[in-house]
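Working notes, structure below.
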Amino acid sequence: MNAKFRLLMVLSLSVLASACGKDDGAGVSPAPAPEASLSPQSAPGPASDSDPEKVPVITAFDINNIPVTNKELGEYPFFSPPKGYRYVTDSLGTLDENISIRDPDRTLYSMGTDRIHLVEGRTFKAVLQNEKQKSTSERDFSLIQRHYEDAITAAGGVKVFDEKMRTGKSYGPQAPNNVPKAKPSTSRNVGLVYVIHKQDMEAWFAIDCGGEKCSFTATRKRKM
């Protein structure tokens, strides 16, 4: 009796196993993999874009928000240094226009902390040297800044950036990769940016003072 019962159990299990095997593969097709779709909003950008400390923001600037002036500008680079100072090419001690003037050039002007505006045109870059001392110190900075403030605003210019530089931030009209980090001794640096809007051009100016020198940058951008 026990042997017969065990035989029936074995046969029953065999039938069940066979039925299960047929159900697993019958009439069942694998579900298609969903198509990969990535909306522009969710698309990841370059890895570097996720770090605002490394990638300055290129600001959208509308020159039409700056009033047009008909006042005459002087000979390029439009403004002379204050009395008792002269323009020199950085590190040379004299002015070399072949180095200090580039046409065309792409210049970055600071518009705030980690915000820059790209201007393309004829660009003049130089540092100001005290003719007697052959250098420029912090006591000269306020005189130089006031000189350009008065001259540029009198010509119809508008100040678009005026901020004390902070240690460890990148400022000034240079490519981000070429901007040295500020040292603690230059944390009192001040950067000024002005723009003059004329009917046929934009004239951009940057005065950056700190450490032991002031630099002056002027870009003339012709309108198309």
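Okay, residues lined up against (1) over 24 Å from residue 159 (Cβ atoms); (2) among the aromatic types (Phe, Trp, Tyr); (3) surrounded by fewer than 19 Cβ atoms within 10 Å (Cβ to Cβ); (4) within 11 Å of the chain's Cα centre (by Cα):
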| residue | (1), (2), (3), (4) |
| --- | --- |
| 92 | yes, no, yes, no |
| 104 | yes, no, yes, no |
| 109 | no, yes, no, yes |
| 115 | no, no, yes, yes |
| 118 | no, no, yes, yes |
Review point. Filter segment 82-111 for residues that are of a type in the set (A, V, I, L, M, F, W, C) and in contact (Cβ under 8 Å) with a residue 40 or more places away in the chain; which is farthest from residue 163 (Cα to Cα)?
Key: 88
Check your understanding: Looking at this structure, is residue 141 in a loop (DSSP other than H, G, I, E, B), touching a residue at least 40 places away in the same chain (Cβ under 8 Å) and more than 22 Å from residue 58 (Cα to Cα)?
Key -> no
Revision key, fill the gap. Output for Cβ contacts, cut-off 8 Å, separation at least six or different chains, first residue basic (Lys, Arg) in segment 70-81, second part of a loop (DSSP other than H, G, I, E, B), reads 71/155; 71/156
Check your understanding: Restricting attention to segment 156-172, does a residue exist that is modelled with pLDDT of 95 or more, within 24 Å of residue 61 (Cβ to Cβ) and not in a strand (DSSP E or B)?
Key -> yes
Point to revise | Selected residue (criterion: surrounded by the fewest Cβ atoms within 10 Å (Cβ to Cβ)) from residues of segment 64-90 that are among the hydroxyl-bearing types (Ser, Thr, Tyr) and touching a Gly at 6+ places or on another chain (Cβ under 8 Å) | key: 80
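The values are calculated or read from the model by the stated rules, or taken from the named source; none is laboratory data. Everything quoted here is computed from the prediction, not taken from an experiment. Cβ: placed from backbone, ideal geometry, glycine included. Neighbour counts: every protein chain shown.
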